[in-house]
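Throughout, read-outs are computed from the coordinates displayed, never taken from laboratory work. Fair warning: this is a prediction, and the values are worked out from it, not measured in the lab. With ideal geometry, Cβ positions are generated from the backbone for all residues, glycine too; neighbour counts draw on all protein chains shown.
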Amino acid sequence: MVVNSDSRQWALLAAAAADSKKATDIIVQNVKEDLLITDYFVIATGANNRQVDAITEAIEEKLRKEAGVKPIGREGLEEQTWVLLDYGDIVVHVFQPEIREYYRLESLWSDAPMVDLGEAGIEQPEYSERIEKLVAIAKERLISTLVGEEASKLQ
């Protein structure tokens with residue numbers, strides 16, 4: 001599958017916008033190998049309806065102003081417990097904690113590589129214990145892959 005070269009940048013912009021509104025448990029997953037319909041998932045948590053709304057608005061504004069894109073689909077705006085913004089090449093999910101814990105969406109594609117949030121300017125993301133473990137596993141997997149690639153080059 002060919003990935004839109006802008007999709008990674010869009011995902012990073014969305015993550016940065018979520019962080020600007022104090023979202024927690026922000027992750028960006030590269031799901032292009034697992035899903036045919038999108039390249040990246042951006043998943044974040046807001047503590048309550050008002051914060052989910054603020055995060056969602058910040059993401060839409062940042063992507064509109066800096067990338068010139070608008071979502072092709074928006075769901076969950078009335079309940080504000082799980083908002084989905086579909087940009088085609090990226091899909092953004094903003095959850096309240098209980099709903100995120102129930103669905104564990106990031107675990108469905110746990111083999112999908114996670115993007116380092118440092119690329120989005122997020123130096124110290126706030127993670128719950130469960131998400132912190134997932135991020136640590138993803139980092140270990142990446143390091144293992146990189147070491148394996150370097151070893152194969154030496155042979």
Of the residues L12, L77, L35, L84, which single one is outside any helix (DSSP H, G or I), in contact with a Gly (Cβ under 9 Å, 6 or more places away or on another chain) and not hydroxyl-bearing (S, T, Y)?
L84
Inside the range 85-116, the number of residues satisfying the requirement of being of a type in the set (A, V, I, L, M) and out of contact with any strand residue (DSSP E or B) (no Cβ under 7 Å at 6 or more places or on another chain) is 1
Hits in the range 87-120 (condition: free of Cβ contacts under 8 Å to residues at least 60 places away in the same chain, crowded, with 16+ Cβ neighbours inside 10 Å and in a helix (DSSP H, G or I)):
I99
Is at least one residue of the range 124-140 aromatic (F, W, Y) and either more than 14 Å from Q29 (Cβ to Cβ) or touching a Gly at 6+ places or on another chain (Cβ under 7 Å) (or both)?
yes
If a residue has to be in a loop (DSSP other than H, G, I, E, B), within 17 Å of T45 (Cα to Cα) and of a type in the set (D, E, K, R) to count, how many in the range 121-138 make the cut?
1
So which residues in the range 40-84 are crowded, with 19+ Cβ neighbours inside 10 Å, among the hydroxyl-bearing types (S, T, Y), closer than 20 Å to E126 by Cα and in contact with a helix residue (DSSP H, G or I) (Cβ under 8 Å, 6 or more places away or on another chain)?
T45
Top-ranked residue in the range 11-38 [being of a type in the set (D, E, K, R) and farther than 11 Å from P113 by Cα; ranked as nearest to the chain's Cα centre (by Cα)]
D25
